[in-house]
């Protein structure tokens, strides 16, 4: 269990780092599309090895892989749109806090995993943290993307996509090796972002200015998720998925300290509430 916890905390840190890189770019969609190329190509040789083994992927595995890759694609499009309008220290804890609310419930009802009484206190803390971060009022500005409620709703949508792909990935791991699953999802991300990236006209400029973080992000993103998938093989999804969201603290800290975003103390406090809830679910869920 200690190995699984170490994997999942490191995964959360690496996740926050590459999200910081994406938020720093003036063109998040193009940045995400660019580093998906790195992720797909670097890990492709290892992803193809299981396909030649005697125990190749069954048809059900391919269907599940296609399904989860599609959800990953939806997630990365929503993520790019959210980063175009929202602060990292606001949207990141919301995005990463939604799945700890939902995954334990689905894990208990669908996957027969047990959610303990302390976990409900953790869920309450997460709800409180998200409530502090989100602006739920109906906006009055004509441009919907300029409204704070629109940003909050987009962050919640990203969180729902994260919840969906985590549950799908947990099931898919029964049929598909983690390295193949990860690269298949990276390919799904790449395809989903291609239309917007190719029409943007800024691909060359993005590579010229940010090639170092593109390459580093392309290594960190799949590396982070491989650590998480490894933790899912060692422990229950109802524990590991919430614990990974300890990265909300890292993400909020990056937003406040590195990007100098406003409302720092309120957002740090909210992220702390979410982190306490995450730990309660992860340790006693």
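Just so it is clear, none of the values below were taken in a lab; they were calculated from the coordinates. Computed from a predicted model, the values in this text were never measured in an experiment. Positions of Cβ are generated from backbone atoms using ideal geometry, with glycine treated the same way; all protein chains shown enter the neighbour counts.
Structure summary
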read-out	value
Cα pair distances of the chain binned at 5 Å [whole percent]	1, 6, 12, 17, 20, 17, 13, 8, 4, 1, 0, 0, 0
Cα-based equivalent ellipsoid, the range 1-73: semi-axes from gyration tensor eigenvalues, Å	27, 20, 13
Part-to-part distance (alpha-carbon centres) for the range 58-96 and the range 146-195, which is given in Å	3
Helical mean residue ellipticity (222 nm; -39500 (n - 2.57) per DSSP H run of 4+; nearest 500) of the chain	-27500 deg cm²/dmol
Linear extension gain, residue 284 paired with residue 259, 0.36 nm per residue minus alpha-carbon span	5.6 nm
Mean separation of Cα contacts under 8 Å (6+ apart) over length of the chain, as relative contact order %	42
Virtual spin-label span in nm between residue 62 and residue 233, 7 Å along Cα→Cβ	2.3
Approximate spin-label separation residue 116-residue 266, in nm, with each point projected 7 Å along Cα-to-Cβ	3.5
